[in-house]
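The values are calculated or read from the model by the stated rules, or taken from the named source; none is laboratory data. Values in this document were obtained by computation on a predicted structure and should not be read as measured data. Quick reminder, even Gly has a Cβ in these numbers, built from the backbone with ideal geometry, and neighbours come from all protein chains shown. For the accessible areas, the whole protein counts, side chains as well, though only heavy atoms, and no ligand, DNA or RNA atoms are used. Shrake-Rupley method; radii C 1.70, N 1.55, O 1.52, S 1.80 Å.
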Amino acid sequence: PFSPMALQRHLSKPLPLAQPACLALRGGQGEAVEAVQLTAEQVLKCDNLLGEAPMWSEREGALYWLDINGKELWKYTPGGESESYKLPDVAGSFALREGRDGFLMAFSSGLSWWDP
């Protein structure tokens with residue numbers, strides 16, 4: 001607990017600013033950072049009920065994600081191809097298998113290997 005006098009002395013010193021994680025990853029404190037304006041473009045109309053857990057597959061050059069409430073796993077390849085796979089259960093997360101096809105799925109009933 002601070003006394004009012006101690007609090008005033010403490011606040012009269014410059015407070016260190018919290019650095020965003022991206023600055024810490026670049027290794028610089030106090031480096032000038034330029035604001036970037038991003039724009040988004042819809043590339044696929046998929047009407048997900050609850051789209052979550054995007055995961056990029058470097059091996060396939062494709063983006064996977066879950067439609068949790070729709071019980072589907074989606075795949076989008078830049079250039080326009082898309083596929084969806086019906087899941088046997090609600091899934092909250094998944095992982096790509098290294099060097100293999102299929103996924104490790106976190107279904108509501110438990111973890112399971114799953115191949116579309």
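Quick look at the values:
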quantity	calculated
Counted residues, the range 102-114 - those being under 22 Å from residue 48 (Cβ atoms) and either open to solvent by 50 Å² or more (accessible area, probe 1.4 Å) or in contact with a helix residue (DSSP H, G or I) (Cβ under 7 Å, 6 or more places away or on another chain) (or both)	3
Identity of the residue in the range 67-86, among the charged types (D, E, K, R) and open to solvent by less than 40 Å² (accessible area, probe 1.4 Å), that ends up farthest from the chain's Cα centre (by Cα)	72
Residue count for the range 32-43, restricted to those that are at pLDDT below 80 and either open to solvent by less than 100 Å² (accessible area, probe 1.4 Å) or hydroxyl-bearing (Ser, Thr, Tyr) (or both)	2
Residue under evaluation residue 99, criteria (1) surrounded by 13 or more Cβ atoms within 10 Å (Cβ to Cβ); (2) in a loop (DSSP other than H, G, I, E, B), criterion not met	(1)
